[in-house]
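Peer 1: What follows is a single structure, and I will ask about it in a moment.
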Amino acid sequence: MSTVTTHQTPDAPVHPDHPHSSPTRRLASLLRARELPVAVALALLVLGTWLINDKFLSAQSVKDLMLNATIMVILAAGQAIVLITRNVDLSVGAIVGIVAFGTGALFEAAPGIPIAAVFVVGMVAGAALGALNGLLVTVARVPALVITLGTLYAYRGVLSSWAGSKQYFSGNNPRAFGQLSVDTVLRVPIITVIAALVVVVVAVYLAYRPAGRDLYAIGSDPEAAALFGIRLQARVLAAFAACGALTGLAGVLYASRYNSVGALTGSGLELDIVAAAVVGGVAISGGVGTVAGAAIGAVLLSTITSSLTATRVDKFWQQAIVGILILAAIVIDRVTAIRRSNKLRVSGPR
Amino acid sequence: MTETRPARAADRPDAPVSFIRRVAGRSDTMLFLVLLAVIASASTIIVNFATTVTLGFLLVQVVPVLLMAMPMTLIIVTGEIDLSVASTAGLTSAVMGVLWRDSGLGIWFVIVLCVLVGAVCGAVNGLLITALGLSSLAVTIGTLALFRGLALVVIGDQKVSNFPSELTSLATRRIGDTGIPLVMVGVLLVVGVFAVVLHSTSFGRTLFAMGYSPEAARFVGIRVDAAKFWLFVVSGAVSGMVGVYWTLRFASAGPDNATGLELSVIAAVLLGGVSIFGGRGTIAGVATGVLLIGTLTYALRLARVPETTLSIVTGLLLVLSVVTPSAIAWVREKRRLSRLHRNSPAVPAAG
């Protein structure tokens, strides 16, 4: 990145991968990790479902689980970058729709286009739409919630007038493009491999690069971060652009994974994604959480749907359970925060 | 979210401003003028706009958003937010359908129970936010999913539609030939009550104080948590009323009633000049904001502008309404600085 400032952020969260002196301390920090509860919940969910219905872990079923989680994982990772800076991007569902529909349009307009070029175009388009959000947020100094609510409407409207009632079907795309969601490497679908790579790269960047650490500093205390000399506006703008690029990637993969894309593609997705990140331990008040946690949260939410089907629980319970999970995640987070601050003999919460 | 409050001319005590300038400079007056301009141009350009039929349809259309916007205004003024209003209305609608179909209770009793269901939903939000000190944004994203999910659990994917026809026709009945829906009388009453509470009672003034600074409000003895708790209960109850109205107006109770309405409500409230940081906003401005979006939507629809363009307009209105004050403040600051620069050489000479 541009300027490499060597400094440490004082109130950055404990990261499980941080080098510690002794193995016991490493274990202790692992047990304190914010990702642990959600990872345990995911493991219990998979185990419980498998005990009730042993077809749940059959090769085909596992492949479906991974395919269903892939797009949510990428979106949650992108959203986490923005949430960590104490912002939010509600327009991601519309960006997914625009890029997915655009992918179909691109293949129709230029049938011979290399698939890699399509990915680049999709990510650049997503980054541009995300950067527009970031620009409005940093220049107008208005909460991202308001701005991205506005651009959610606007982007969705642009997509609807562009798409009308037209749909692009996967049959019109090149075969190799659709195969990305069918072919596997070591039994893992290719698009899932892509998602995993994205999560690893973003997680490492946020955990170890100074620019990544800056995002945590900004989310913890924007004024302090600015006083410290962090270029707040540039970093926040970059966070929005990065989220947009990942959302664009998810949009291209959406066109590969699903049969048809049209005006309604991706609508309502925004709240599911924020929910996934929050369940994964990313605090909506900024400065806390990891991309890996958000990714696990996304896997958990997408697995619940399949697990309800597998255990023949009334499918109508799915959304209520998602709601309960979100509330449980933030309540647990709050309670541990209060406990920790009591332990430090600070005079209670705030 | 960088927290800067755009400075207003009226806030500066040293600025000598006449009453007219003060009223004209207010954002809700500006908004009202925009509303009048939209109505005037729609009446001249669009055939059949200036009719009582239009008035009737337009007002029936805005009732749900207008009702929900009232408690939402108070909540945002205190610096919180409630994203669960539409899901609460959906749950209420589902409960109403199942109770009416299965319980054999009288319809009025069912309606009272439904408003209570709404109030309980609000109380859940209020408890989580005030007792545990959680952020209202996070809590109500959770209950947005939870309440909608419970609506699905209650009624499944079924619809109930055999409500008494007197009631369903009452929901859209007009007063005489005026075209004004009868239900507007009740809605105006609600708007009036909220306006009085926010602007003419000491409780209303404490809400602004909380929005400006929760710590300061606590120090001067305001019971911040109690006030916020009851605001969420009221928000839930009003959402319950909207759920009942929605069910009767479309004569259909289902799990997906009022889906996504929370975004329209918040858009209208913010367009109406309520600051998302809390501490600033008026009921008159919000009512104007709701009517502006409603009128614009209706006029464009009458002019056969596709639905999709409408959502672009709504989005741009929302972005413009929040960017404009910041832009104006920025320009003012630049001009003030340049004036200072121009005057600065004179300062040492004088002193």
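Peer 1: Within the group A:299, A:252, A:278, A:274, which residue is in contact with a Phe, Trp or Tyr (Cβ under 6 Å, 6 or more places away or on another chain), part of a helix (DSSP H, G or I) and buried (at least 24 other Cβ atoms within 10 Å of the Cβ)?
Peer 2: A:252
Peer 1: Looking at the structure I just gave you, is residue A:105 in contact (Cβ under 8 Å) with a residue 24 or more places away in the chain, part of a helix (DSSP H, G or I) and within 30 Å of residue A:85 (Cα to Cα)?
Peer 2: Judged against the criteria, residue A:105 is not a match.
Peer 1: Residues that are crowded, with 22+ Cβ neighbours inside 10 Å, at least 2 per element: which helices (runs of 4 or more DSSP H) completely within segment A:111-226 meet that?
Peer 2: On the way: elements: A:115-140, A:144-163, A:175-179, A:190-208, A:210-220.
In segment A:111-226, the matching helices (runs of 4 or more DSSP H) lie at A:115-140, A:144-163, A:190-208, A:210-220.
Peer 1: Working only within segment B:174-187, note down all residues that are within 24 Å of the chain's Cα centre (by Cα) and without any contact (Cβ under 8 Å) to a residue 24 or more places away in the chain.
Peer 2: Correct list: B:182, B:185, B:186.
Peer 1: Which residue pairs have Cβ atoms closer than 8 Å, lie 6 or more positions apart in sequence or on different chains, and pair a first residue in segment B:149-162 that is within 11 Å of chain A (Cβ to nearest Cβ) with a second residue that is β-branched (Val, Ile, Thr) and surrounded by fewer than 22 Cβ atoms within 10 Å (Cβ to Cβ)?
Peer 2: B:149/A:321; B:154/B:98; B:155/B:98
Peer 1: Every residue in segment A:305-346 that is in contact (Cβ under 8 Å) with a residue 60 or more places away in the chain, under 23 Å from the mean Cα position of the chain (by Cα) and more than 18 Å from residue A:36 (Cα to Cα), please.
Peer 2: A:305, A:306, A:307
Peer 1: Then there is this: Given B:321, B:311, which one is free of Cβ contacts under 8 Å to residues at least 24 places away in the same chain, crowded, with 17+ Cβ neighbours inside 10 Å and not basic (Lys, Arg)?
Peer 2: Of B:321, B:311, the one residue that is free of Cβ contacts under 8 Å to residues at least 24 places away in the same chain, crowded, with 17+ Cβ neighbours inside 10 Å and not basic (Lys, Arg) is B:311.
Peer 1: Search segment A:256-271 for residues being more than 10 Å from every other protein chain (Cβ to nearest Cβ) and touching a Phe, Trp or Tyr at 6+ places or on another chain (Cβ under 9 Å), and hand back the single one that is farthest from residue A:164 (Cα to Cα).
Peer 2: Here the answer is A:256.
Peer 1: What tally of residues in segment B:101-131 results from selecting those that are surrounded by fewer than 15 Cβ atoms within 10 Å (Cβ to Cβ) and among the hydroxyl-bearing types (Ser, Thr, Tyr)?
Peer 2: Here the count works out to 1.
Peer 1: State which residue is nearest to residue B:317 (Cα to Cα) when the search covers only segment A:157-177 and only residues that are within 14 Å of chain B (Cβ to nearest Cβ) and touching a Gly at 6+ places or on another chain (Cβ under 8 Å).
Peer 2: It comes out as A:157.
Peer 1: Suppose we filter A:246, A:253, A:232 for residues that are over 27 Å from residue A:142 (Cβ atoms) and not hydroxyl-bearing (Ser, Thr, Tyr); which single one remains?
Peer 2: From the options A:246, A:253, A:232, the qualifying one is A:253.
Peer 1: Select from segment B:265-288 the residues that are surrounded by fewer than 22 Cβ atoms within 10 Å (Cβ to Cβ), out of contact with any Lys or Arg (no Cβ under 9 Å at 6 or more places or on another chain) and facing another protein chain (nearest Cβ under 10 Å) and list them in ascending order.
Peer 2: B:276
Peer 1: Report yes if residue B:174 is basic (Lys, Arg), at pLDDT 90 or above and surrounded by 14 or more Cβ atoms within 10 Å (Cβ to Cβ), otherwise no.
Peer 2: no
Peer 1: From the list A:284, A:338, which residue is surrounded by fewer than 19 Cβ atoms within 10 Å (Cβ to Cβ) and out of contact with any Cys (no Cβ under 6 Å at 6 or more places or on another chain)?
Peer 2: Among A:284, A:338, only A:338 is surrounded by fewer than 19 Cβ atoms within 10 Å (Cβ to Cβ) and out of contact with any Cys (no Cβ under 6 Å at 6 or more places or on another chain).
The values are calculated or read from the model by the stated rules, or taken from the named source; none is laboratory data. The structure presented is a predicted model; accordingly, all values stated were derived computationally and were not measured. Using ideal geometry, Cβ is built from the backbone for each residue, glycine included, and neighbour counts are taken over all protein chains shown.
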